[in-house]
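I have placed the structure first, in the form of structure tokens, so that the comments after it can refer back to it.
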Amino acid sequence: MKAKLLDAVEQALAGDWQAAHAIVQDHETDPMASWIHAVVHRMEGDVANARYWYGRCRRELPEDVPTEAELREIKAALTG
């Protein structure tokens, strides 16, 4: 599953939030997938849905963190 989540992060970093969304939807119970899911909803401008997914992974919606920086943080967590 880690490889699929890394692929979702790479898709999101490339700007293809729809492809990333399709991947993470298959792993809704995983907290890391929920975090990626939250960022994807931020990318599409759906803040209310992003808040829901941040809640699922026990994180707060970041105020001043660009989505690209957050995706890089997720990538580091997955590879570290």
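Some notes on this structure:
- The set of residues in the stretch 8-17 that are surrounded by fewer than 14 Cβ atoms within 10 Å (Cβ to Cβ) and on the phi < 0 side of the Ramachandran plot contains only Ala14.
- Those residues of the stretch 28-37 which are modelled with pLDDT of 95 or more and either in contact with a Lys or Arg (Cβ under 7 Å, 6 or more places away or on another chain) or over 21 Å from Asp64 (Cα atoms) (or both), in sequence order: Asp30, Pro31, Ala33, Ser34, Trp35
- Evaluating Arg59 against the criteria (1) under 14 Å from Ala77 (Cβ atoms); (2) among the charged types (D, E, K, R); (3) at pLDDT below 95 leaves one unmet condition, (3).
- For Thr29: the one exception among (1) surrounded by fewer than 15 Cβ atoms within 10 Å (Cβ to Cβ); (2) in contact with a Ser or Thr (Cβ under 7 Å, 6 or more places away or on another chain); (3) not charged (D, E, K, R): (2)
- Inter-residue pairs, beta-carbon under 8 Å, first farther than 22 Å from Ala3 by Cα and touching a residue at least 24 places away in the same chain (Cβ under 8 Å) and in the stretch 57-80, second small (Gly, Ala, Ser) and surrounded by 10 or more Cβ atoms within 10 Å (Cβ to Cβ), 6+ apart: Arg59/Ala38
- When Ala20, Ala69 are checked against the criterion of being in a helix (DSSP H, G or I), surrounded by fewer than 18 Cβ atoms within 10 Å (Cβ to Cβ) and small (Gly, Ala, Ser), a single residue qualifies: Ala69.
The values are calculated or read from the model by the stated rules, or taken from the named source; none is laboratory data. These numbers come from a predicted model, not from an experiment. Note that each Cβ is placed from the backbone with ideal geometry, even for glycine, and that neighbours are counted across all protein chains shown.
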